[in-house]
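I am attaching a structure below and will ask some questions about it afterwards.
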Amino acid sequence: MNSKEKKVAIIILCHNSKRWLKECIETVINTEYSNYIVIIVDNASDDASIEEIKNIYSNNERIVIIRNEKNLGWCKGNNIGIDYAIKNGADYVYLSNSDVRFHKKNWLKFLVVFMEKHSDYDVTGPVQYNYENGYELNEWTEYIMENGIRDVHYMWSNSIKPVNKDFFNYTKRDFNKEYLPVYFIQGAAMLIRVQTLKKIGLFDEIYYIFYDELDFCRRVLRTGGKVALIPQSGVQHYGSGDNNNSVAMIRKKNFYFARNKYIYLLSDYKYKKCIKREMLHKWIMHDIKQCFLADGEINDFTQMIQIIYSLCKYRKKIKIKRKEEYIMERKIIEEKVLEAIGRIINNSEVNLESNLLTDYSVDSIQIMEMIINLEEMFGIKFDEDVDFEDLYSPLFIVNYIIGKENSI
């Protein structure tokens, strides 16, 4: 083990994954990165997959198995693994679905080396290829290359526009780059700083499954963090690889996928009400049409009613989530703004109520340097018609960043 390497906890969440789990683990422990542990979190499998793994790896001290008494879903299952990782001194957490395999030994090294080099990035992930054909990009990677840093809901509202058009519509030529900034990394293969998890919290268990990693990455971006796809790192991902693809399981997945897009939108404190109304109207019309399709995202009108009932049931939790995230994100934004100002004026005791001109004799050049840094940090643009005198107020800057329409 290389003592200089940061400790990585590789969490493999599984449920009836006998077809995939053994190969996943074999390729994980074949990594050339040495400072890691493997935490297998089993969501109440009944296919003897965990018993098989226990027999094979009983003498491997790097492998820890946590068995849940019932299927707790993606969010809570991973959160249990993350809690264990943090308590055992991990610096990074890597989340992996069980239907993933790693045929190149350097997949983890590229991710960690990038994160150690770029302290402003909180989440990274490898390029995902198809499981059977390791040269073809999978559906998620094709999606994220096309959309990059664009908000996932941009296609539902003409009001949501990206700040920087250089960071989407990537092609394979862009794989020559060290990294590609993106809006989110899929939870099937993502590396996260433990410090980030401590700062903004774990995955929100209101989702159970689907939209959970989107929600997490949104919090990262809102608080000035960054997310990147690392082209040099690659994995093969089957997708929906649990063995239980019964009608009941498919129906359950359709329910959460359809419902959670509403939770993701309604819990967002930054979207303007007119944008929310526009998207809700389009979604409801879209979902009603889906009820008539044999292979639609929603199985039938009964499931549509169940979705509406669930949203009504969770409306108080959604409201609380929106408020709590606003408070949490504002606090972190305040800290980062004051830190940025402190670096400019070489004073760490700046407060929000101060005036940078009268209290610290900050000149216009320093102000512009600070604004450029904040624009880069938070992925926003200060409008040209902003009164320059307002930029001497830290409180104004914080409110401006928070009030800026979400457009990345």
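Testing the spin-label approximation: label points 7 Å from Cα along Cα→Cβ at residue 59 and residue 285. State their distance in nm.
Going by the 7 Å Cα→Cβ label model, 6.6 nm.
OK, next. Might you tell me the accessible area per residue for the range 1-155, computed with a 1.4 Å probe and given in Å²?
Result: 44 Å² of accessible area for each residue.
Can you give the net charge of the other residues whose Cβ lies under 12 Å from the Cβ of residue 355, counting K and R as +1 and D and E as -1?
Cβ neighbours under 12 Å give a net charge of -4.
Carbon and sulfur together cover what percent of the accessible area of the chain at a 1.4 Å probe radius?
Looking at the chain in its full context, I get 50 percent from C and S.
Could you check the spin-label model distance between residue 70 and residue 364? Points 7 Å from the Cα along Cα→Cβ, value in nm.
Here the modelled spin labels are 6.5 nm apart.
Evaluate the charge dipole of the chain about its Cα centre and quote only its size in Debye, nearest 20, assuming +1 on the Cβ of each Lys and Arg and -1 on the Cβ of each Asp and Glu.
1160 debye
Tell me which of 310, 400, 341 sits at the most positive position along the dipole axis of the chain, charges placed on C-beta atoms (Lys, Arg +1; Asp, Glu -1).
Most positive-ward Cα: 310.
Please work out the Cα convex hull volume for the range 243-294 and give it in Å³ per residue.
Output value, Cα hull per residue: 73 Å³.
Each residue of the range 127-134 in turn: what ³J(HN,Hα) in whole Hz from Karplus with 6.51, -1.76, 1.60 and θ = phi - 60°, glycine and Pro shown as x?
Rounded to whole hertz, the list is 5, 9, 10, 5, 5, 7, 10, x.
Could you please report the charge total around residue 56, scoring K, R as +1 and D, E as -1 over all other residues with beta-carbon less than 11 angstrom from its beta-carbon?
Around residue 56, the charge tally is -1.
When the gyration tensor of the range 1-78 is built from Cα positions, what are the square roots of 5 times its three eigenvalues, in whole Å, from largest to smallest?
Calculated on Cα positions only, the semi-axes equal 23, 14, 10 Å.
Check the straight Cα-Cα distances from residue 317 and name the aspartates and glutamates below 19 Å, setting aside those fewer than 8 residues away within the same chain.
204, 205, 212, 213, 215, 268, 325, 329
Output the Cα-based Rg and Dmax of the range 25-120 in Å, rounding Rg to one decimal and Dmax to a whole number.
Cα only, the range 25-120: 14.2, 43 Å (Rg, Dmax).
If each residue of separation counts as 0.36 nm, what is the full-extension length gain between residue 51 and residue 390 once their alpha-carbon separation is subtracted?
So the chain would gain 115.6 nm between residue 51 and residue 390.
For the chain, compute Rh as the Kirkwood radius over C-alpha pairs and then the Stokes-Einstein diffusion coefficient at 20 °C and 1.002 mPa s; write the answer in µm²/s, rounded to an integer.
Diffusion coefficient, whole number: 94 µm²/s.
Would you tally the net charge around residue 84, using a Cβ to Cβ cut-off of less than 14 Å, leaving residue 84 out, and scoring K and R as +1, D and E as -1?
+3
Still on this structure, I have one more. As a test of understanding, state the convex hull volume per residue of the range 291-395 from its alpha carbons, in Å³.
Looking at the range 291-395, the number lands at 159 Å³ per residue.
Under a point spin-label approximation (7 Å from Cα along Cα-to-Cβ), what is the residue 175-residue 155 distance to one decimal in nm?
Simple spin-label model gives 2.3 nm for this pair.
Specify the inter-centroid distance of the range 333-372 and the range 143-197, based on alpha-carbon positions, in whole Å.
30 Å
Report the gain in length on full extension from residue 302 to residue 26: 0.36 nm times residue separation, minus Cα-Cα distance, nm rounded to one decimal.
Value of the extension gain: 95.0 nm.
Whose amide H sits under 5 Å from the amide H of residue 226, counting only residues 5 or more places off or on another chain, with H placed in the peptide plane?
Close amide H contacts, sequence-distant or interchain: 122, 123.
So, one more: Cα atoms only: what Rg and Dmax, in Å, come out for the range 173-314?
17.3, 49
Something else: Which chymotrypsin sites (Phe, Trp or Tyr not before Pro) does the range 288-323 hold that lie in a coil by DSSP with at most 16 other beta carbons within 10 Å?
Here the chymotrypsin sites (Phe, Trp or Tyr not before Pro) that fit, given the DSSP loop and packing criteria, are 292.
Write down the percent of antiparallel bridges among all DSSP beta bridges whose residues are both part of the chain, to the nearest 5.
Expressed as a percentage, antiparallel bridges in the chain total about 30.
Right, next: Name the residues whose placed amide hydrogens come within less than 5 Å of the amide hydrogen of residue 66, ignoring near sequence neighbours (fewer than 5 apart) on the same chain.
40, 41, 42
The values are calculated or read from the model by the stated rules, or taken from the named source; none is laboratory data. Please read these numbers as outputs of a predicted model, since none were measured by experiment. Because the Cβ atoms are built from the backbone with ideal geometry, glycine has one as well, and the counts that use them run over all protein chains shown. Each accessible area value is taken on the protein alone, full model and side chains, heavy atoms only, with ligands, DNA and RNA left out. Shrake-Rupley method; radii C 1.70, N 1.55, O 1.52, S 1.80 Å.
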